[in-house]
1. Quick one: which of LYS137/LYS376; LYS177/LYS362; LYS147/LYS376 span more than 19 angstrom between C-alpha atoms?
2. Loop only by DSSP, 13 or fewer other Cβ within 10 Å of the Cβ. Give me the trypsin sites (Lys or Arg not before Pro) in the range 187-261 that pass, ordered by residue number.
3. Show me the helices of the chain, taken as full DSSP H stretches, that run 27 Å or more along their long axis by Cα and average 0.5 or above in Kyte-Doolittle hydropathy.
4. Work from the charge dipole of the range 60-368 (Cβ charges, +1 for Lys and Arg, -1 for Asp and Glu, about the Cα centre) and give the residue of GLY164, LEU100, GLY118 farthest towards its positive end.
5. Under a 1.4 angstrom probe, counting protein chains only, how are SER255, SER81 ranked by accessible area, largest first?
6. Label LYS33 and GLN80 with points 7 Å out from Cα along Cα→Cβ: what is the distance between them in nm?
7. State the dimensionless ratio Rg/Rh of the range 7-166 (Rg: radius of gyration of Cα atoms; Rh: Kirkwood radius).
8. For the chain, what % of the accessible area comes from carbon and sulfur atoms, probe 1.4 Å?
Amino acid sequence: MTSQPVDLLLRHCYLLHIDRATEAVDIAIQDGKIVAIAPQLPHSAQLELDLAGQMVSPPFVESHIHLDSVMTVGEPRWNQSGTLFEGIEIWRERKQTLTLEDVKERAIAALKQQAMQGVLFVRTHADVSEQTLTALKGLLEAREAVKDWMTLQVVAFPQDGVYGSPQNEALLEEAMKMGADVVGGIPHYELTREDGVRSIHRIFELAQQYDRLIDIHCDEIDDDQSRFLEVVAACAVRTGMGSRVTASHTTAFGSYNNAYAFKLLGFLQRTQLNFIANPLINITLQGRTDTYPKRRGVTRVKELWQQGTNVSLGHDCIQDPWYSLGTGNMLDVANMAVHVCQMTGTPEIDACYNMVTWQGAKTLHLEDQYGVEVGKPANLIVLDASVPMVQPTQLRYEAIRRRATVRYVISRGKLLAHTEPAQAHWKG
Ligand code: FE2
């Protein structure tokens, strides 16, 4: 049997699924969509790639990054203490010199770097606590400029607090009117606890008024008394917004006493709240005022995952005042989560892979846009991890262990990027 040639045909892949076993298939793509998935498809194609048993996955989802500050490390000075708060001070100086082109160019450069490593869905925060809203404008323009190959969500993030300066509340609302996708906040950095609680209520009001998602930087501090997460959870229940709400960082959760933490875990089970942990950056930022033992400063990822709460992972920063390292590689993030969150059991390693793919998609509410299925947009990646080098059940583990090269990135049915893995030659 023969069929009309399709645009692109992937032969001999091992396709990962979130809810069932990996399967050996061919994948046919036509007009930007996946049109067939089955073993030994009869199709011919304009372009055919023999993947020789390599793994195919839906793209990586970067659920938490600050693209307005990427690639500014050292400007105007390096963060010598390594703390969150010195980072905020440096950024306050750097953002005085922001221009629209500066933000847009760095953001698009970072997005290309991410896309070449298999990231096709990104949620970025845009600092909206300076009068000109330059960061937001630059990222909204970047969202438009990349839309043919990358889906970008922009969070209006009041870095200096909704009530930190008199104009900030109005700027946050202005950001909604300008088209930010998500309302953000930072209650633990408001001037008082009361302002923190008030800011959360205001964020929920804006989200309901403008029909937007919520993603709050929540309790990103080692203070075991920082308890804004319970306020966010209560608002999520009372407004019925549930799964439309995300709590990012929540590092104080790692410092709460267990009696309180277990009560809170039970409560969270009823909320459908999403969580985002950023293990690369928080393992370096947190615990800076500790001597020894020194805290890890990461939220309770394993416990949240064990109880079925949706957790995804983010990079947070690439070369900025808070984190001077980073390349945008989501397997670096998953690899660090395996270590820092002590998720070394085999289902736990697989879960860390799912946190940079399907679970990130759930946080971003990508819904029908995401997943390698017939009828969906053809967005997928091919990684340099293959059967029979490992068993099909070990592909996620192998990808994280070796931080496997993303060999092909297919976006909207087109080959967007191709990378050859490095080859080592023994000369002994
Ligand atoms: Fe962040």
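The values are calculated or read from the model by the stated rules, or taken from the named source; none is laboratory data. Only a predicted model underlies this, so the values are computations on that prediction, with no experimental measurement involved. Here the Cβ is made from the backbone with ideal geometry for all residues, glycine too, and neighbour counts use every protein chain on show. Accessible surface is based on the protein model in full, side chains and every heavy atom, while ligands, DNA and RNA are left aside. Shrake-Rupley method; radii C 1.70, N 1.55, O 1.52, S 1.80 Å.
1. Distance filter (> 19 Å) returns LYS137/LYS376; LYS177/LYS362.
2. Numbers: sites: ARG193, ARG198, ARG202, ARG212, ARG227, ARG238, ARG244; in loops: ARG212, ARG227.
In loop regions of the range 187-261 (DSSP not H, G, I, E or B), there are no sparsely surrounded trypsin sites (Lys or Arg not before Pro).
3. Numbers: long enough: none.
Passing helices, by number: none.
4. Farthest towards the positive end: GLY118.
5. Order by accessible area, largest first: SER81, SER255.
6. 6.0
7. Details: Rg = 20.9 Å, Rh = 18.4 Å.
Result: Rg/Rh = 1.13.
8. 50
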